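Below you'll find the structure, written out as structure tokens, and then a few comments.
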Amino acid sequence: MESVVPGLRSFEPFSALAAFLESPAVPANSMNIFQLDGYLRAIALAPGAIAEDMWIPLVFNDLEPGYESDVQRLLILGQLHALYDYHRGEIAINLCNLPCCAVYARLQEERVDLEQWARGFIQGYIIREEDWNKALTRMTNSQTDHKISANAFFDEFDAILTIVSTVADAKYAVETGFNPGDLVEVFESFPDSIIRWGRLGRSLSERDPVYA
């Protein structure tokens, strides 16, 4: 049974999905539940909608899982969609309840779940990167009274991406010049950074005639 830390979100409503991702039925290098959770957050908070056949295959490393029956397939896909909808709901009300502690630990194994979440988020961002780029280009070219300051937007976007990348691999960040003394603050700011990224996506969607 999943151990639950008080104050953290539980995967209990998605227990069948979590167990399936750890089973021999999934292809090698499929996502685990933490990686999937971050991945779905990034998929959900980008501007505009995306067809499920654009994001579901990567969950299983672009291979078909070995479902034991149609009933199991429907159960797993149902929970997958439900988890996606959960993230859409949180984004709409500016929440980010993580399933793991956003606290820096010197031992990598003590922060591995959060690293997996952040790496999944980056994978989701890559899937939606073209949508972000197109929306940002339209925003930059906009001449309406609602035009966002493009420079400020890009600065915040880049700052958040740096935070996510640092959490995804703190060891590499330090090796490539990041100040290790700042890691505690970066990890603590992680949930709020994800909320801010969601606000950026909503700002683009609300001001972009393509999504009107």
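The values are calculated or read from the model by the stated rules, or taken from the named source; none is laboratory data. Everything numeric here is computed off the predicted structure, so don't read it as measured data. With ideal geometry, Cβ positions are generated from the backbone for all residues, glycine too; neighbour counts draw on all protein chains shown.
Table for the structure above
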quantity: Residues located in the stretch 113-130, provided they are in contact (Cβ under 8 Å) with a residue 60 or more places away in the chain and either surrounded by fewer than 20 Cβ atoms within 10 Å (Cβ to Cβ) or closer than 12 Å to residue 168 by Cα (or both); calculated: 113, 114, 116, 117, 118, 119, 120, 121, 122, 123, 127
quantity: Top-ranked residue of the stretch 100-112 - restricted to ones that are in contact with a helix residue (DSSP H, G or I) (Cβ under 6 Å, 6 or more places away or on another chain) and buried (at least 20 other Cβ atoms within 10 Å of the Cβ), ranked as nearest to residue 53 (Cα to Cα); calculated: 102
quantity: The listed residue being more than 18 Å from residue 204 (Cβ to Cβ) and assigned to a helix (DSSP H, G or I), out of 91, 127, 122; calculated: 122
quantity: The stretch 52-63 residues that are closer than 17 Å to residue 32 by Cβ, paired with ones that are small (Gly, Ala, Ser) and part of a helix (DSSP H, G or I) (beta carbon under 9 Å, 6 or more apart); calculated: 55/124; 58/124
quantity: Residue list for the stretch 166-212, filter: crowded, with 19+ Cβ neighbours inside 10 Å and of a type in the set (Gly, Ala, Ser); calculated: 168, 170, 173, 193, 198, 201
quantity: Close pairs (7 angstrom Cβ cut-off, 6 or more residues apart or separate chains): more than 13 Å from residue 119 (Cα to Cα) and in contact (Cβ under 8 Å) with a residue 40 or more places away in the chain in the stretch 21-44, surrounded by fewer than 23 Cβ atoms within 10 Å (Cβ to Cβ) and small (Gly, Ala, Ser) anywhere; calculated: 25/66
quantity: Residue tally, condition in a helix (DSSP H, G or I), farther than 14 Å from residue 91 by Cα and of a type in the set (Phe, Trp, Tyr), over the stretch 159-212; calculated: 4
quantity: Candidate set: the stretch 33-58, residues that are more than 13 Å from the chain's Cα centre (by Cα) and outside any helix (DSSP H, G or I); chosen: the one farthest from residue 95 (Cα to Cα); calculated: 51
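Let's see how each residue does on (1) among the hydrophobic types (A, V, I, L, M, F, W, C); (2) modelled with pLDDT under 95; (3) under 27 Å from residue 44 (Cα atoms); (4) touching a strand residue (DSSP E or B) at 6+ places or on another chain (Cβ under 8 Å):
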{"residue": "168", "(1), (2), (3), (4)": "yes, no, yes, no"}
{"residue": "180", "(1), (2), (3), (4)": "no, yes, no, no"}
{"residue": "187", "(1), (2), (3), (4)": "yes, no, yes, no"}
{"residue": "190", "(1), (2), (3), (4)": "yes, no, yes, no"}
{"residue": "195", "(1), (2), (3), (4)": "yes, no, yes, no"}
{"residue": "203", "(1), (2), (3), (4)": "no, yes, yes, no"}
